[in-house]
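Worksheet: one structure, shown below.
The values are calculated or read from the model by the stated rules, or taken from the named source; none is laboratory data. All values derive from a computational prediction rather than experimental measurement. Cβ sites come from the backbone with ideal geometry, for glycine too, and all protein chains shown count toward neighbours. Just the protein is used for accessible areas: all its heavy atoms, side chains included, with ligands, DNA and RNA removed. Shrake-Rupley method; radii C 1.70, N 1.55, O 1.52, S 1.80 Å.
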Amino acid sequence: MYISLQAMIFLCFCVFLAGFVDSAAGGGGLISIPAYFFVGLPAHTAIGCNKFSAACGTTFSAFRFFKNGALEWRIALVSALFSFISSYLGMKIALGIDQVFLKKAMILILPAIAVILLLKRNFGNENKSKEIPQKKTFVLAALIGACVGFYDGLIGPGTGTIAIIAYSAWMKYDLKTASGNAKLLNLASNYASLTAVLINNKVIFSIAIPAAVCGIIGNYLGAGFALKKGAAFIRPLMIVVIILLFAKLFYDVFGKMILRSEERR
């Protein structure tokens, strides 16, 4: 498949921006997937190319967090393992459950999360994870991996953002370390999905590789900002991502219903 130079430039910029946002606050797919659709890629190919660019970018941002000591690798690995398993289970269950009901539930939950982030100015400022007993940390890591992975398989968008919030709220990590842990968790589900789309030939490398290069740059720079600025940089980005996720889910549930009712008139 061929796309014009202008479309490729637009796509690369969007994937760069998605990588920048995702590396710090998660939710980059809310920017990149619509961009792949916008340039004319079929649904499965768009998802396949997005998985390729996302996996490449997340690898580099995870490495940068790890290199700077902003990632608890043992905790993140436990979460990643459970995320991989539960993501698959979530995907299987998603095939036989009412997605509209789940999205309606998320529409109610997301504003509450945004309000908490706005009101709790000190949320994620300090790393108090050492206050939690070691055995309990591994249980919580497994629980976060299972819950977030299940959400990823069941619904999908905003997985990284939800992981960051879970690490900060349940395990008392600062947002910088929580973001680093979330990267390794995301890698597990990204590479699992990437394997599937590669096997099914859903990646157009002439499009995915240039986009992935831009995504890597965006992830690398975004991780640098997150490491340097910490919660002061990550929290506002998370609120933006939550708003984007809320808008997407709201449209999925109500927008299409409104369009169908308009068509009947």
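Given Lys67/Lys202; Lys130/Lys176; Lys104/Lys128; Lys136/Lys172; Lys104/Lys183, which pairs have Cα atoms separated by over 22 Å?
Lys67/Lys202; Lys104/Lys128; Lys104/Lys183, as the Cα separations exceed 22 Å there.
With everything on Cα atoms, drop me the angle between helix 231-250 and the longest principal axis of the chain, reported from 0 to 90° to the nearest 10.
For 231-250 against the chain, the angle is about 40 degrees.
So which cysteines of the chain have no other cysteine's Cβ under 4.7 Å from theirs?
Those would be Cys14, Cys49, Cys56, Cys147, since no other cysteine Cβ in the chain comes under 4.7 Å of theirs.
Report the one residue of Leu41, Tyr173, Ala76 whose Cα lies farthest in the direction of the positive end of the charge dipole of the chain (charges on C-beta: Lys and Arg +1, Asp and Glu -1; origin at the Cα centre).
Checked the options; the winner is Tyr173.
Cα axis of helix 73-94 to longest principal axis of the chain: angle in degrees, 0 to 90, nearest 10?
Taking Cα atoms only, the helix is inclined about 40 degrees.
Would region 207-249 count as rounded, prolate or oblate if I go by the C-alpha gyration tensor, calling it rounded below 1.5 in a/c and otherwise prolate when a/b exceeds b/c, oblate otherwise?
Oblate shape, in that a/c is at least 1.5 and b/c is the bigger or equal ratio.
Can you list, largest first and rounded to whole Å, the semi-axes you get for region 141-185 by taking the square root of 5 times each eigenvalue of its Cα gyration tensor?
Result for region 141-185: semi-axes of 17, 10, 8 Å.
Assigning unit charges at the beta carbon (Lys, Arg +1; Asp, Glu -1) and nothing else, what dipole magnitude in debye, to the nearest 20, does the chain show about its Cα centre?
It comes to approximately 440 debye.
Counting only heavy atoms of the protein chains, get the accessible area per residue of the chain (1.4 Å probe) and round it to a whole Å² value.
Per-residue value: 50 Å².
Compute the length gained on full extension between Val213 and Lys130: take 0.36 nm times their separation in residues and subtract their Cα-Cα distance, giving the result in nm to one decimal.
26.2 nm
GNM on the chain, C-alpha springs below 10 Å: top fluctuator among Ala114, Ala43, Ala54?
Ala43
Which value in nm describes the separation of the simple spin-label points at Phe250 and Ala7, placed 7 Å from the Cα toward the beta carbon?
Each label point is offset 7 Å from its Cα along the Cβ direction, giving 3.1 nm.
For the chain, place one equal point scatterer on every Cα, skip the solvent, and apply the Debye formula. What is log10 of I(q)/I(0) at q = 0.16 Å⁻¹?
Each listed q corresponds, in turn, to -1.22.
Considering only protein heavy atoms and a probe of 1.4 Å, how much of the accessible area of the chain is carbon and sulfur, as a whole percent?
70 percent
What number do you get for region 1-67 when its Cα radius of gyration is normalised by 2.2 N^0.38 Å, N = residues?
1.12
Hey, got the dipole for region 114-250? About the Cα centre, +1 on K and R Cβ, -1 on D and E Cβ, debye to the nearest 20?
With only Lys, Arg, Asp and Glu charged at Cβ, the dipole is about 360 debye.
How much net charge surrounds Phe65 when only the other residues with a Cβ under 11 Å from the Cβ of Phe65 are counted, with Lys and Arg +1 and Asp and Glu -1?
In short, +3.
Show me, for region 48-56, the HN-Hα J-couplings you get by feeding each phi into the Karplus relation (A = 6.51, B = -1.76, C = 1.60, θ = phi - 60°), rounded to Hz, glycine and proline as x.
Karplus-based 3J(HN,Hα) across region 48-56 equals x, 5, 5, 4, 5, 5, 5, 5, 5 Hz.
For region 138-225, what class follows from the C-alpha gyration tensor (a ≥ b ≥ c being the square roots of its eigenvalues): rounded when a/c is under 1.5, otherwise prolate if a/b is larger than b/c, else oblate?
oblate
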